[in-house]
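The values are calculated or read from the model by the stated rules, or taken from the named source; none is laboratory data. The model shown is predicted, which means the values in this text are computed figures rather than measured ones. Neighbour counts run over all protein chains shown; Cβ positions are idealised from the backbone, glycine included. Note: areas computed on protein heavy atoms with side chains; ligands, DNA, RNA excluded. Shrake-Rupley method; radii C 1.70, N 1.55, O 1.52, S 1.80 Å.
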Amino acid sequence: MSVLEVENLEVYYETEEGPVQAVDDVSFSLEEGENLGIVGESGCGKTTLAKAIIGILPDAGYVNRGQIRFDGDDLTEMTDAQRRRLKWEEISMIAQSAMNSLDPVYTIREQITEAIEAHRPGTGRVESTEIVTEMFELVGLDPDRADDYPHQFSGGMRQRAMIAMALALEPSLVLADEPTTALDVIMQDQILKRVNRIQEEINSSMLVITHDVSVVAETCDRVLVMYAGKVAEEGPVEEIFNQPYHPYTIGLKRAFPNIRMPDQDLLSIRGYPPELVDPPEGCRFAERCPMATNRCYEEEPEAHHINGLRSYCHYADKIDEELRPRADDAETWKQTEAARAQTQTQQPGMGDD
Amino acid sequence: MSFGRDDVLLRVENLEKHFEVDEGWIASLLQSVSGGEPDYVHAVDGVSFEVRRGETLGLAGESGCGKTTTGMSLVKLHEPTGGDISYNDKRLSEVDKAGMAEFRQNAQMIFQDPFESLNPRMTVYDTVAEPLRIHDIRNETARVQRALEFAELLPAEQYYDQYPHELSGGQRQRVAIARALVLDPDFIVADEPVSMLDVSLRAGVLALLERMTEEFGLSVVYISHDLSLLRHMCDRLAIMYMGKIVEKGPTDRVIENPQHPYTQALINAVPVPEPDIGRERVELQGEVGDVIDVPSGCRFKDRCPEYIGDVCDGAIPPLERKSDIEGEREHEREVACHLYESAEGHDPYAEVDGDGTAAEAGAGGDAERASADD
């Protein structure tokens, strides 16, 4: 059964220039015990999506349309009080910056205990102490240090305390927003391993939001690639990273060096994402896609279902034989606008047929 | 391949940089009364390496390992506490004012955060022209234009009157690169040059840095915690831990066949975007130790999965060539670990023997050494 179903979700921010369409028609579902990674660059809407799910959108943000169903109930219809009851107990969040998420004037124990007692009234001191000790051991912290204040912890310890807190009530859904971005590689590796282990134990589902495709490749079952507020591609991790069916995924995966493949050329995606106050017609990636045709600029792509994944590229069906060889070549991505226009006329096969 | 003295641009010898711990005026007052010694952070604690002409060297390690302090000392943004840096075989501690001016002209730095490293009140033109004015170099406009064009800020004139806040992160970092290049330097220290940039923009800036190294024949020292990036950009790597270099050598050798237990752990922890590639995952215990009250012997011993006893506690492992690591180009690799046999005749067990408290352990070490010799 699906723990979380997001359907045609639109989240807008009110600005002076008009609404910014930060999340635009995004749909996906998350099964029990499954990990879904949401990747994309800054401004693609991934954090907005997470905030909408947990219900902490800033004042200017609102859900314009669509549903977020948790265990069948629509979160967007709930009152604040109803949502508050779900927090920690059912849905919890591991934020990027642990220093800003922990209260500096309370000890770590007080903060975890407060969350436990708020949701499980009648929990005794002895029992909550046991939970804190157990959680600290799970994340690899010394339980004797639970009475320390956040500033007495190092960055890695704070992040682990944050994780202990997020998992203390064994929620069925954990949202992790860049959970390890601020950490060194060794600490990142340890924390990811521990989170996965605990998760298996309490059988929770997790939404991992990150810009780092490697983190997703190592921790998730499925991945959703977002670009400019929309889904570019979605499917099982193996399929998406081995055989992507969207040029943006190819570019994103190869935009940064891979320690195991030193000879691989880097792909440099030219330009910047579009403004979302007035998003372009057609495919949102068209302007930066070296293989875009006139059709890409004019017509919005529909979902193509291939190999168990869905790709929102007009030419997803032709990716294997025509686009991927070109997209894998770093030279393709270096093309200037002029050269691109020329290629378009030279390849009528890629036109609107 | 061997490098003669002429190939060496910078030689760093036993560099040390310690920072006094600021405990507030009451503590320092009490200290001055009681005559106590202040505490020091041993940020960099005896680091030696050389930078050859036209090569790219990577300094890697976790936060707090001293890599940034080392980099800043290289361009004289820090005055070293001990040791020395030689530039073109001239010791920087001995050069006169003119010599130092020449050095400063040839040593440039690119910082991590282009949002903080550019003066928000200076236009792009002034930012790039400032070093020329300081060093009194003529032909300002032509040089600024050329530097901006090289950094792919085209057309250059369009950027002259813009302020940093009008530019994107990628463009700002390109301005910082243009500013570093405008003086035609010999070498550049680049501290995490792309870590603040969005993923899709990183490849473009990295390509620019690569082109810069090739076209100008520059030596570049890259400082990063990201081994994937360093593997892509660097000829040689030096891995740092708690203010010391633990392993140094050709990038391919260090990444593919790491020898120091810390290097092994560090490389194992790097995630890869290939779901099929399984990694051998060794879990390292604890966290980076205290660089104020530095432990005796090897600094990695408390977390080391290969800890072999008193020699690790008693003797500081020197960074040296080892005789029992086999493979191509191994003569270029140096490791600071007692697991391997010194190729330079250094005997750490003798050091432990000399210390009365560890005499017993020394005997054990002797036995082990004897069996290893067989």
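Numerical summary
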| quantity | calculated |
| --- | --- |
| Members of B:Lys248/B:Lys322; A:Lys51/A:Lys87; A:Lys51/A:Lys230; B:Lys90/B:Lys322; B:Lys67/B:Lys248; B:Lys17/B:Lys301 lying beyond 18 Å, as alpha-carbon distances in this model show | B:Lys90/B:Lys322; B:Lys17/B:Lys301 |
| Of the DSSP H helices in chain A, those whose Cα atoms cover at least 15 Å axially and whose Kyte score averages -0.5 or more | A:108-119, A:125-138, A:155-167, A:185-202 |
| Portion, in percent, of the accessible area of chain A that falls on carbon or sulfur, probe 1.4 Å | 45 percent |
| Solvent-accessible area, 1.4 Å probe, carbon plus sulfur percent, for chain B | 46 percent |
| Within chain B, helix-based [θ] at 222 nm, where runs of 4 or more DSSP H residues each add -39,500 (n - 2.57), nearest 500 | -10500 deg cm²/dmol |
| MRE, 222 nm, helices only [DSSP H, n ≥ 4, -39500 (n - 2.57), over chain A, to nearest 500] | -9500 deg cm²/dmol |
| Integer Hz, Karplus 6.51/-1.76/1.60 couplings in order for the range B:207-221, x for Gly and Pro | 4, 5, 5, 5, 5, 4, 4, 5, 6, 9, x, 7, 8, 10, 9 |
| The range A:184-292: C-alpha gyration tensor shape, a/c 1.5 cut-off, then a/b vs b/c | prolate |
| 10 Å Cβ neighbours from other chains, averaged over peptide A:177-184 | 2 |
| Contact surface A-B: accessible area buried, both sides summed, square angstrom, 1.4 angstrom probe | 4000 Å² |
| Residues of the range B:184-201 buried by at least 20 Å² on assembly (accessible area, 1.4 Å probe, chain alone as reference) | B:Asp198, B:Val199, B:Ser200, B:Leu201 |
| Over chain B, relative contact order from alpha-carbon pairs under 8 Å, at least 6 apart, % | 17 percent |
| Cβ-derived FRET efficiency at R0 35 Å, A:Asp265 paired with B:Glu320, nearest 0.05 | 0.40 |
| Neighbouring partner chain Cβ atoms per residue of B:222-228, average, 10 Å criterion | 3 |
| Coarse-grained scattering of the range A:2-220 at q = 0.11, 0.16, 0.19 Å⁻¹, given as base-10 log I(q)/I(0) from a Debye sum over alpha-carbon atoms | -0.54, -1.13, -1.49 |
| Tail weight of P(r) past 34 Å, computed on alpha-carbon pairs of chain B, percent | 36 percent |
| Normalised contact order of chain A, rounded percent, pairs of Cα under 8 Å and 6 or more residues apart | 18 percent |
| For the range A:268-282 versus the range B:107-170, the gap between their alpha-carbon centres in whole angstrom | 27 Å |
| Per residue accessible area in Å² of chain A, where ligands, DNA and RNA are left out and the probe is 1.4 Å | 42 Å² |
| Accessible solvent surface per residue of chain B, calculated while the other protein chains remain in place, 1.4 angstrom probe, Å² | 45 Å² |
| Between the range B:48-86 and the range A:112-170, the Cα center-to-center distance that results, in Å | 41 Å |
| Reduction of at least 40 Å² in accessible surface, 1.4 Å probe, comparing all protein chains with the chain by itself, residues of the range B:257-272 | B:Ala269, B:Pro271, B:Val272 |
| Estimated D of the range B:1-120 in µm² per second, where Rh is the Kirkwood radius over Cα pairs and Stokes-Einstein applies at 25 °C, 0.890 mPa s | 148 µm²/s |
| Amide H within-cut-off set for A:Val223, under 5 Å, with H built and near neighbours excluded | A:Gly37, A:Gly235, A:Val237 |
| Check: the range A:2-220 dipole with +1 on Lys, Arg Cβ and -1 on Asp, Glu Cβ, in debye | 400 debye |
| Leading residue at positive end of dipole, the range A:247-347 (Cβ point charges), from A:Ser268, A:Met291, A:Pro280 | A:Ser268 |
| Tensor-based shape of the protein assembly as shown (alpha-carbon gyration tensor, a/c under 1.5 rounded, otherwise prolate or oblate) | oblate |
